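Structure record follows, encoded as structure tokens.
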Amino acid sequence: MAGRAWRAGTHRLRRRLRVAMVLLSLSAAAPVLGAQAVPAGFEQGIFELRVARIAAETVPALLASSGTVLVPIDRVIALTGVPARRTDSTITVERARQGGTATLQLRGRRIVEASSATPLGADELVLVDNVYYLATSRVAHLFGARVEADLGQLSVTMTRTPPFPVEQAAARAQRTAGGVARGAMAPAGPPVPFVPRSGGAVLDWTASTVGTTRSFGGSSGTIRSAAALFGGDVTAGVGVSGDGTGGVRASNGEWSYRRGIPGNPYVRQFQIGDFLGGGAQLRSLQGFTVTNARLASDAVFGSVPVNLSLPQGWQYEVYQDGQLIGFSDAGIRAPVYVPLRYGTTPVQVRLVGPTGDETVRDFSYLIPQTQQQPGRFEYVAGGGRCTSSCSTMGYADASYGVTPWLSISGGGERRTTDGVSRLLPEGGVSVVTYSGWNAQLQAAKQSFTRVSLLYGGSGPVIGSGAYSRTWLGADQPSVIAAGDDGRWLFDGQLQLRTSAQSRLRGWRLDNTLEGVATQGAERSRTALTAELRGGSVALSYETDRTRALREAGVSVLTVVSPREHAGSVVSTLLFDQRSMHAVELSTSFQTGRRGAAALTARWQRGSGLRLGLGYTGALGAMRLTSRLTSSPTQPTYLASSASGSVALDGSARPTLFEGPGVGLAGVAGQVFYDVDADGRFGPGDLPARGVRVVVNGAQVRSDSSGTYHAWSVVPYEASNIAIDTLAFTDFSWTLLRGRSLVRATPGTYNRVDFPLVRTRELAGQLVADSSIATVGGVTLLLTGTAPGSETQRIVTFSDGSFYLSRVLPGRYLLTVAQSALDALQAVAAPATMPVDISLTAGDPVFTLPAIHLRRRPPSGP
């Protein structure tokens with residue numbers, strides 16, 4: 001007991017000594033309160049009041065003899081930005097995350113919450129010169145925060161989760177300082193010209209074989225080639241197969257010429273020869289077709305307003321693919337316009353409340369390809385001789401975007417068969433709402449009717465349903481029993497999404513019904529699937545009256561990743577009316593980056609065990625697909641097919657790749673160090689090996705000669721060809737052109753070279769008269785004289801010197817920012833300094849003459 005008392009006394013002595021030292025330091029500080037105003041038992045001083053992640057503020061503070069630190073409550077409210085209401089006797093603050101409010105009763109000397117009241121001690125709330133000082137522990141209680149007082153550093157630090165409103169405002173200002181993401185809905189740049197080309201060629205080939213252990217079934221293949229001619233491509237193809245006697249016969253010969261006219265609003269593309277066309281359904285035709293539609297649809301559909309109904313003071317930011325694309329203002333209730341792509345566009349909305357609360361919501365918008373951009377009119381028309389099922393046909397279709405949410409289409413075809421002509425109209429309507437609903441209706445006389453409804457909003461439940469009915473036309477061959485006038489099909493899906501952190505990700509209910517028109521369902525299938533983290537479990541039930549089938553099944557999917565090869569395993573049990581009648585186990589896995597293999601084993605009652613092995617992937621410049629099956633009741637069966645492409649660009653060596661090649665275009669060129677700065681590869685220039693060239697997002701590398709090839713370009717549409725400069729080992733070299741936009745001619749390589757030039761370092765000095773306050777931190781602007789050049793900002797060091805690296809060769813103008821001149825009340829001499837950086841200069845550092853600042857003369861009355 002004596003030892004414990006001695007230790008307690010020692011602890012009290014040390015605390016009193018520490019407080020005494022702090023009091024001495026406070027007395028040495030500059031006083032902020034009148035000595036006569038400080039109550040007895042308190043000392044005054046200066047403390048630094050900090051909110052954890054933003055700048056601090058110096059405030060007057062009190063220190064009680066007990067060591068309690070008190071800070072002015074009004075300054076705390078102002079610094080944190082917490083919403084508060086003040087009366088003569090109360091201060092009410094709003095807490096975050098639905099924490100309600102807390103009230104500091106100044107006269108009653110207590111903190112009142114929804115279900116409790118906490119009295120304050122004499123040294124916890126003090127009034128000095130009409131300013132209330134509150135103990136830091138009670139500040140933490142009032143705001144629902146953590147407050148730490150450091151007597152050694154004379155500081156008070158406040159933290160809270162979620163952050164205080166002032167922290168949220170600072171973070172939001174930083175996020176939005178650069179504006180919205182460039183390119184999200186960027187205005188169209190300068191037009192990209194189309195240069196028609198001729199020459200070059202590409203050839204696609206396919207080959208397939210089928211055989212068993214008892215007999216060789218045969219082989220077949222196709223050859224299609226294309227060559228550029230006056231900006232278009234001439235295509236010819238032929239199919240070959242075995243004739244059964246060891247010979248080869250050719251069949252299915254075809255040819256066509258296609259030409260695009262980029263930028264023409266009336267005829268953007270025409271084609272003559274053999275092609276697929278038609279109204280209600282596609283057919284092989286020999287004739288012509290014209291259209292003003294683009295070969296590749298726009299990536300961006302348009303923009304929709306996001307106008308959330310939020311309480312007063314709330315703000316929100318809209319993100320797409322991690323980029324800020326719009327943000328609201330708390331004082332202005334205006335919608336934020338969000339750019340949407342065709343297909344599914346996920347959008348993330350960050351909500352920021354006045355108390356510092358932050359919530360993130362995920363939205364998803366679906367724009368089908370049938371939805372036309374508002375105000376856009378597109379058509380396609382053509383005609384010719386049918387190669388099957390009819391004699392001649394002419395057709396025309398058009399679509400128009402009435403509003404951002406409504407598109408309509410219409411047209412028809414006139415078909416002649418055995419001397420009898422029919423006019424068959426067709427039409428459609430597509431409706432999209434911003435709340436997630438999507439409805440479509442399409443119909444063609446004597447052909448089909450399709451209706452679909454989809455909901456994909458932000459709630460936990462989404463679903464879709466689609467119904468279609470097809471008719472057997474008078475000229476359509478039927479393999480179905482006579483008297484059948486068509487079929488109908490219904491396909492529906494309902495999904496329940498759960499939390500992403502849960503092991504159970506969601507539920508999915510699928511239902512398919514199919515039957516003959518005017519009759520009930522012949523076939524039905526219903527499946528309930530539980531989506532799990534790393535797999536799924538499904539229960540299914542299927543009936544088929546044509547096969548007298550009633551079957552229930554259980555399937556388990558497991559996703560596995562052995563080492564770097566991702567794969568999956570599916571186990572299925574099938575039951576009929578009597579017992580289990582089939583078991584199937586299948587697995588698939590990647591073989592490298594460009595291939596996949598699958599293995600299936602199925603046991604069925606009465607048939608025994610059947611094994612299957614499949615592979616698909618790229619082997620060099622060839623894509624191979626092969627399937628091997630074996631069972632006790634049938635001979636082993638092997639089917640294989642291979643395909644590839646060969647392209648010529650005038651060089652000695654052709655380029656081999658997987659394909660397809662016909663119908664597309666290529667780009668090729670050379671990446672080189674342009675030592676003599678003439679823009680062409682010549683004597684003294686050096687090839688740049690291993691440089692990544694990005695062609696519409698796909699990457700290829702330059703070889704030892706600096707040459708690259710890529711055949712993945714949609715012709716006639718603007719394609720972006722760029723260099724990955726981050727992979728450079730010598731950063732003093734850079735591109736003379738940052739990127740190239742090209743409209744490619746199909747059927748050939750379009751040449752795009754990338755000369756690399758050496759950059760310069762820019763250095764200079766800003767000097768000033770004695771009447772100028774400073775030369776440090778002054779902003780200068782370096783602007784290129786070429787059209788479209790960007791302006792670079794340079795900030796001077798404390799001694800007025802400035803430096804800028806990696807400046808491209810060219811002509812520039814250097815000026816002192818007008819805002820800096822206004823702040824310093826100065827003028828610069830010279831006001832504008834021309835800077836001419838040569839391509840071939842030897843010194844890597846370009847030193848400029850000094851720029852002088854002097855006092856601006858006073859303006860007249």
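Among the residues that make up segment 505-523, is at least one of them open to solvent by less than 80 Å² (accessible area, probe 1.4 Å), in a strand (DSSP E or B), among the aliphatic types (A, V, I, L, M) and farther than 30 Å from T449 by Cα? So far as segment 505-523 goes, no, none of its residues is open to solvent by less than 80 Å² (accessible area, probe 1.4 Å), in a strand (DSSP E or B), among the aliphatic types (A, V, I, L, M) and farther than 30 Å from T449 by Cα. Restricting T729, T734, T748, T796 to those that are under 33 Å from the mean Cα position of the chain (by Cα), at pLDDT 85 or above and polar (S, T, N, Q) reduces the list to T748.
Please find, within segment 569-611, the residue that is farthest from the chain's Cα centre (by Cα) out of those that are closer than 20 Å to T558 by Cβ, open to solvent by 70 Å² or more (accessible area, probe 1.4 Å) and in contact (Cβ under 8 Å) with a residue 24 or more places away in the chain. The selected residue is F589. Count of segment 122-138 residues, restricted to those that are touching a residue at least 12 places away in the same chain (Cβ under 8 Å) and either of a type in the set (G, A, S) or assigned to a loop (DSSP other than H, G, I, E, B) (or both), is 5.
For every residue, the table says whether it meets (1) more than 17 Å from Q440 (Cβ to Cβ); (2) part of a strand (DSSP E or B); (3) in contact with a strand residue (DSSP E or B) (Cβ under 9 Å, 6 or more places away or on another chain).
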site: G382; (1), (2), (3): yes, yes, yes
site: R385; (1), (2), (3): yes, yes, yes
site: S389; (1), (2), (3): yes, no, yes
site: Y395; (1), (2), (3): yes, yes, yes
site: Y400; (1), (2), (3): no, yes, yes
site: S409; (1), (2), (3): no, yes, yes
site: T416; (1), (2), (3): yes, yes, yes
site: S421; (1), (2), (3): yes, yes, yes
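Among the residues of segment 612-619, is there at least one that is under 30 Å from G231 (Cβ atoms) and either of a type outside the set (V, I, T) or open to solvent by less than 60 Å² (accessible area, probe 1.4 Å) (or both)? No: segment 612-619 contains no residue that is under 30 Å from G231 (Cβ atoms) and either of a type outside the set (V, I, T) or open to solvent by less than 60 Å² (accessible area, probe 1.4 Å) (or both). Could you say whether any residue in segment 52-59 is at negative phi, touching a Pro at 6+ places or on another chain (Cβ under 6 Å) and not in a strand (DSSP E or B)? The answer is no; no qualifying residue exists. Does D724 satisfy being open to solvent by less than 40 Å² (accessible area, probe 1.4 Å) and out of contact with any Phe, Trp or Tyr (no Cβ under 9 Å at 6 or more places or on another chain)? Spelling it out, D724 is indeed open to solvent by less than 40 Å² (accessible area, probe 1.4 Å) and out of contact with any Phe, Trp or Tyr (no Cβ under 9 Å at 6 or more places or on another chain). In segment 305-319, the residues that are farther than 14 Å from T359 by Cα form Cβ pairs under 8 Å with partners that are part of a loop (DSSP other than H, G, I, E, B) and open to solvent by less than 20 Å² (accessible area, probe 1.4 Å), at six or more places apart or across chains, as follows: G313/G353.
Candidates A64, A35, A28: the one that is modelled with pLDDT of 85 or more and either buried (at least 18 other Cβ atoms within 10 Å of the Cβ) or of a type in the set (A, V, I, L, M, F, W, C) (or both) is A64. For segment 343-363, the criterion of being of a type in the set (S, T, N, Q) and either closer than 30 Å to V234 by Cα or in contact with a helix residue (DSSP H, G or I) (Cβ under 7 Å, 6 or more places away or on another chain) (or both) is met by at least one residue. From A474, A444, A482, A517, grab the single residue that is of a type outside the set (V, I, T), at pLDDT 90 or above and closer than 27 Å to T416 by Cα. Result: A444 is the single residue among A474, A444, A482, A517 that is of a type outside the set (V, I, T), at pLDDT 90 or above and closer than 27 Å to T416 by Cα. Against the test of being closer than 26 Å to G152 by Cβ and either modelled with pLDDT of 85 or more or open to solvent by 40 Å² or more (accessible area, probe 1.4 Å) (or both), the options R86, R75 yield a single qualifying residue, R75. Within the option set R138, R146, R175, being under 30 Å from V360 (Cβ atoms), charged (D, E, K, R), at pLDDT 90 or above and open to solvent by 50 Å² or more (accessible area, probe 1.4 Å) holds for one residue only, R146. Annotation note: of T387, T403, the sole residue that is within 28 Å of the chain's Cα centre (by Cα) and of a type in the set (S, T, Y) is T403. Of all the numbered requirements in (1) open to solvent by less than 50 Å² (accessible area, probe 1.4 Å); (2) under 26 Å from I462 (Cα atoms), Q369 misses one, and that requirement is (1). Would you please name the residue that is modelled with the lowest pLDDT, looking only at residues in segment 89-135 that are over 21 Å from P163 (Cα atoms) and among the hydroxyl-bearing types (S, T, Y)? Looking at residues that are over 21 Å from P163 (Cα atoms) and among the hydroxyl-bearing types (S, T, Y), I get S115. Scanning segment 525-551 for residues that are small (G, A, S) and surrounded by fewer than 14 Cβ atoms within 10 Å (Cβ to Cβ) turns up G534, A548.
Within the option set G690, G644, being within 32 Å of the chain's Cα centre (by Cα), crowded, with 18+ Cβ neighbours inside 10 Å, more than 14 Å from G200 (Cβ to Cβ) and of a type in the set (G, A, S) holds for one residue only, G644.
Do we find a residue being under 38 Å from the mean Cα position of the chain (by Cα) and of a type outside the set (A, V, I, L, M, F, W, C) anywhere in segment 631-639? No, segment 631-639 contains no residue that is under 38 Å from the mean Cα position of the chain (by Cα) and of a type outside the set (A, V, I, L, M, F, W, C). Among the residues making up segment 97-121, those that are farther than 19 Å from L62 by Cβ and assigned to a loop (DSSP other than H, G, I, E, B) are R97, Q98, G99, G100, R107, G108, E113, A114, S115, S116.
Against the numbered list (1) open to solvent by 30 Å² or more (accessible area, probe 1.4 Å); (2) under 29 Å from E413 (Cβ atoms); (3) assigned to a strand (DSSP E or B), V267 comes up short only at (3).
Cβ-Cβ distances below 6 Å connect the following pairs, each with a first residue in segment 93-112 that is touching a residue at least 12 places away in the same chain (Cβ under 8 Å), a second residue that is open to solvent by 70 Å² or more (accessible area, probe 1.4 Å), and a separation of six or more residues or different chains: G100/A114. Among the residues of segment 745-768, is there at least one that is open to solvent by 70 Å² or more (accessible area, probe 1.4 Å) and part of a loop (DSSP other than H, G, I, E, B)? No: zero hits. Filtering segment 291-306 for residues that are closer than 30 Å to C390 by Cα, more than 19 Å from the chain's Cα centre (by Cα) and polar (S, T, N, Q) leaves a non-empty set. Report, ordered by the first and then the second residue, all pairs with beta carbons closer than 7 Å, sequence separation of six or more or different chains, a first member in segment 822-837 that is aliphatic (A, V, I, L, M), and a second member that is part of a loop (DSSP other than H, G, I, E, B). Pairs found: L824/I772; L824/A773; A826/I772; A826/R856; V827/R856; M833/L848; V835/L848; I837/P809.
The values are calculated or read from the model by the stated rules, or taken from the named source; none is laboratory data. Only a predicted model underlies this, so the values are computations on that prediction, with no experimental measurement involved. Positions of Cβ are backbone-derived with ideal geometry, glycine not excepted, and every protein chain shown enters the neighbour counts. All accessible areas refer to the heavy atoms of the entire protein, side chains included, with ligands and DNA or RNA removed. Shrake-Rupley method; radii C 1.70, N 1.55, O 1.52, S 1.80 Å.
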